[in-house]
1. Would you mention how many residues in the range 334-369 are in a loop (DSSP other than H, G, I, E, B) and not small (Gly, Ala, Ser)?
2. Looking only at the range 683-691, decide whether some residue is open to solvent by less than 20 Å² (accessible area, probe 1.4 Å) and not in a helix (DSSP H, G or I).
3. Can you name the condition, by its number, that Arg219 falls short on among (1) touching an Asp or Glu at 6+ places or on another chain (Cβ under 9 Å); (2) in a helix (DSSP H, G or I); (3) open to solvent by less than 20 Å² (accessible area, probe 1.4 Å); (4) farther than 20 Å from Ala180 by Cβ?
4. Sort out which residues of the range 570-589 are under 19 Å from Leu632 (Cβ atoms) and either over 30 Å from the mean Cα position of the chain (by Cα) or among the polar types (S, T, N, Q) (or both), and write them in order of number.
5. Show the residue pairs meeting these rules: Cβ distance below 7 Å; 6+ apart or different chains; first residue within the range 120-136 and within 17 Å of Val348 (Cβ to Cβ) and among the polar types (S, T, N, Q); second residue open to solvent by 10 Å² or more (accessible area, probe 1.4 Å) and within 13 Å of the ligand (Cβ to nearest atom).
6. Pick out the one residue from Ile157, Ile81 that is under 20 Å from Phe387 (Cα atoms), among the hydrophobic types (A, V, I, L, M, F, W, C) and open to solvent by less than 10 Å² (accessible area, probe 1.4 Å).
7. Of the residues that make up the range 531-543, is at least one in contact with an Asp or Glu (Cβ under 8 Å, 6 or more places away or on another chain), open to solvent by 30 Å² or more (accessible area, probe 1.4 Å) and part of a helix (DSSP H, G or I)?
8. Cβ contacts < 7 Å: first residue acidic (Asp, Glu), restricted to the range 36-51; second residue open to solvent by 60 Å² or more (accessible area, probe 1.4 Å), any location; separation 6+ or different chain. Result?
Amino acid sequence: MAKTTSPNSRKPAQLGDQTVARGEGGETHQVAGGDVPVLTTQQGVPVSDDQNSLKIGRRGPTVLEDFHFREKIFHFDHERIPERVVHARGYGAHGYFKNFASLAEITRADLFQRAGEKIPAFVRFSTVAGSKGSADLARDVRGFAVKLYTKEGNWDIVGNNIPVFFIQDAIKFPDMVHAAKEEPDRAFPQAQTAHDNFWDFISLNPESINMALWIMSDRTIPRSFRFMEGFGVHTFRLVTATGKSTFVKFHWKPKLGMQSVVWNEALKINGADPDFHRRDLWDAIRMGAFPEWELGLQLFDEKFADKFAFDVLDPTKLIPEEELPIRRVGRLVLDRVVDNFFAETEQVAFCTQNIVPGVDFSNDPLLQGRNFSYLDTQLKRLGSPNFTYLPINAPKCPFHTLQQDGHMAFVNPKGRVNYEPNSWGGAAGGPREAPEQGFHSFPAEEQGQKARVRSDTFADHYSQARQFYLSQTEIEQRHIASAFTFELSKVETPAIRARMVAHLLNVDAALAKAVADGLRLKEMPKPAEPARPVVKTLKPSPALSIIGNPAGTFEGRKLGALVSDGVDAALLNGLRAALEKEGAVLKVVAPMIGGVEASDGSWIEADEKIDGGPSVVFDAVAVLLSDAGAKLLAEEATARDFVADAFAHCKFIAHNGAAAPLLAKAGVAADGGVVELKAGRDAAAFVQTCRQLRFWEREAKVKRV
Ligand code: HDE
């Protein structure tokens, strides 16, 4: 059995294009040399062999003294940190915020003092309910958390893509999140609110009804992080150098407009590309198509707050922008992907308590509770109060605290001083207070009895839900009814389904009827008893609709062109050129990843094989085939799905004449969204049509239940 070769003997081997060394057991060794660095242990000791653990004899036991093996496995065993209890699934990117004009008359916040001030920013988008590995297209609120590294400290605006929230008091957050997440006995469903516990909770908490309308709208199935609005949700304060306070609500407005997918598409994207949103952000930034938003402020004073129909401290309410216009004050641009997902996106620690001089909190009871939760949760996640020194969390301005030690204290002060006041003058005495420059809380007058109460100004639960619903286009209203029907159809307890319909009766009778019919409720329930009569006179707010505010561009979007051998090269190239001119991209989908041979003999590389690139991952499609290609693909189920789904999802479909057999087999009926391209020059007009994003007129024909 024993062999005589030395334990380190290695013979060269050829693995395709790679020349490697091979050990006695046939294992691959790649060796340092030239500019290839030497692999070391964490202690810097060079490693001779990373393929084999240390053994007694060739077939003997592994020895405990193998420090390289133990260190490697030890570190691996501890790679995971607790995922965020909510917003676990997220994706971040770097960028900057640039201020348009001085806002010194409204706030002393340093980033708003000088026109054109540019500061670094980091943004993390997320879903709420799912685990870290859940799919991107869950129907869910999206987190929109922004860290602004200002010259007077870090300011975190930890917002969402929806301007209102489920609950009015932070003490309800654990209940709400428990109900939304997987049920504790069975540990499913993952990343879905379509289950009994969630709707049970909502139906027993009418304060959630406004948010329920929002989460059943298309806002919760965005096409891309790039096409979402963001909101600070709570009322905050901006404070000037002289102590004047203005209330403010924060808005992020996407440059490329808003866009969502349709629900059936979302379900399929989750299978086809669970990383759809993170891939989209990564690709856009790497392509140089930097996502951009404008920061908008709704500014108001006590007088406005007093006459506004709702309490501005109630986070389940918004202020319509028609009633209080949004002032755009700067641009947020994301221009750099992370170098390392864990170091940046996972370790970034947003805290609502991170505000800067010139910004202050309001008494919103949700915000007050959040100010405790975020710091607390970061300690659990990151394991040490020194998480603030991690490069992604550390301020980019000078900072000097007298805090010390703790786990992983890797930034430490020098010298003798770790307290103040002290007798050591000058630099040796360490940092001191700055009475003028330092953060001052706005000296709001507060008084009242200590009590566990909720203000009766929070008691109107339906009026804004109704306003939101009536602000939607008919198509969006149908989507809301379908979403309620879908979610409640997954609820097993009939009483919960009926209870939700009882609430919807207070929102809009037609909506309640559509959902009741969709569920086949045997009998319409009585409306839920409102704590306050529903105000039916609120004017609709058209700004709340996505479809009613069309993006008017196909920029940043993607067209999938299904091609076969013999594809008309001029047509394909014409389409590609027209899309590029618009700032959009064309992706080639082919029967095989190696590509196709075009009519002129040129070779066209494919981006996706047909079943890896279904039409759901594109904003519009083109079907450009030869006669033989159409014949072949008409018999191919994945090709038929490609076309049938594009049609069902109301996408614009371009095709050449030869593609007709496949279109017919897929059930495509001629309509204004199906456009024949005869020559490359037709492409420009088609791309212009695509600016509408969807051919919504088709929807009533393809969605009957
Ligand atoms: Fe959060 N939330 N939240 N939340 N939230 C967290 O902090 C919490 C709320 C939001 O990308 C946690 O670091 C409470 C509203 C975002 O890292 C935790 C309450 C809004 C993110 C937490 C709320 C948000 C979080 C979990 C009710 C929109 C992800 C991990 C009082 C305005 C940030 C973490 C990121 C994350 C608590 C309600 C947005 C547990 C107690 C309202 C975008 O601290």
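1. Within the range 334-369, the first condition is being in a loop (DSSP other than H, G, I, E, B), and the residues that meet it are 337-340, 347-358, 362-364.
From what is left, the residues that are not small (Gly, Ala, Ser) are 337-340, 347-348, 350-357, 363-364.
Total meeting the criteria: 16.
2. Filtering the range 683-691 down to residues open to solvent by less than 20 Å² (accessible area, probe 1.4 Å) leaves 683, 686-687, 690.
Okay, now just the ones that are also not in a helix (DSSP H, G or I), so none.
No, the conditions are met nowhere in the range 683-691.
3. Of the numbered conditions (1) touching an Asp or Glu at 6+ places or on another chain (Cβ under 9 Å); (2) in a helix (DSSP H, G or I); (3) open to solvent by less than 20 Å² (accessible area, probe 1.4 Å); (4) farther than 20 Å from Ala180 by Cβ, the odd one out for Arg219 is (4).
4. Taking the range 570-589 first, the residues under 19 Å from Leu632 (Cβ atoms) are 571-572, 588-589.
Listed by number, the residues that qualify are Leu571, Leu572.
5. As it stands, the answer is Ser126/His87; Ser126/Arg89; Thr127/Arg89; Thr127/Asp140, since those pairs meet every condition given.
6. Details: Ile81 fails: open to solvent by less than 10 Å² (accessible area, probe 1.4 Å).
Sole residue among the options that is under 20 Å from Phe387 (Cα atoms), among the hydrophobic types (A, V, I, L, M, F, W, C) and open to solvent by less than 10 Å² (accessible area, probe 1.4 Å): Ile157.
7. yes
8. Here the result reads Asp50/Leu39, each pair linking the range 36-51 to a residue that is open to solvent by 60 Å² or more (accessible area, probe 1.4 Å).
The values are calculated or read from the model by the stated rules, or taken from the named source; none is laboratory data. No experiment lies behind these values; they were computed from the predicted model shown. Positions of Cβ are generated from backbone atoms using ideal geometry, with glycine treated the same way; all protein chains shown enter the neighbour counts. SASA here: full protein model, heavy atoms, side chains in, ligands and nucleic acids out. Shrake-Rupley method; radii C 1.70, N 1.55, O 1.52, S 1.80 Å.
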